[in-house]
């Protein structure tokens, strides 16, 4: 659940920032007072969402290497890791949302998004 929610928040922030800045610039160009205020409000909302996404993504770790795959850490990436729009995290978030699995950019192993049940003896 953390992976999915963090992926949705990451994409929301990624899409919200250009929209907010576009509204801000458009409002300043046409001298309309509501668009810049709405743009500033959306920027602050995106900052709050980014903070929530950061907190959630710290706990969403790859099951093999135990590195948070949706947050930035100083670890070296796998040589086969690919980017989406210049970001490893966006690639992970996209595969989580649309393919129901992700490939860790740090260890390179695929992980299916399913809850594993423990076997009782």
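What follows is calculated from the coordinates using simple rules that are stated; it is not laboratory data. Predicted model only: the values in this text are computed from it and were never measured. Note that each Cβ is placed from the backbone with ideal geometry, even for glycine, and that neighbours are counted across all protein chains shown.
Among 5-12, 40-47, what's the highest-first ranking by average C-beta atoms within 10 angstrom per residue? Don't skip to the end; give the middle numbers.
On the way: 5-12: 20.2, 40-47: 14.8.
Going by the mean number of other Cβ atoms within 10 Å, highest first, we get 5-12, 40-47.
Across the chain, the relative contact order, built from alpha-carbon pairs under 8 Å that are at least six residues apart, equals 25 percent.
Residue exposure proxy: 57, 111, 76, ordered by other Cβ atoms within 10 angstrom of their Cβ from fewest to most, comes out as 76, 111, 57.
What's the exposure ranking of 89, 116, going from fewest to most Cβ atoms within 10 Å? Present the calculation step by step, with values, prior to reporting the outcome.
Details: 89 21, 116 7.
Going from sparsest to densest Cβ surroundings: 116, 89.
Over the Cα atoms of segment 2-112, each weighted equally, I'd like the Debye log10 I(q)/I(0) at q = 0.09, 0.11, 0.22 Å⁻¹, rounded to two decimals. For the requested q values the scattering log ratios are -0.29, -0.41, -1.09.
Let me have the 222 nm mean residue ellipticity of the chain computed from DSSP H runs of 4+ only, each contributing -39500 (n - 2.57), with the sum over all residues rounded to the nearest 500.
Working: 3 runs with 67 residues, N = 121.
That calculation yields -19500 deg cm²/dmol at 222 nm.
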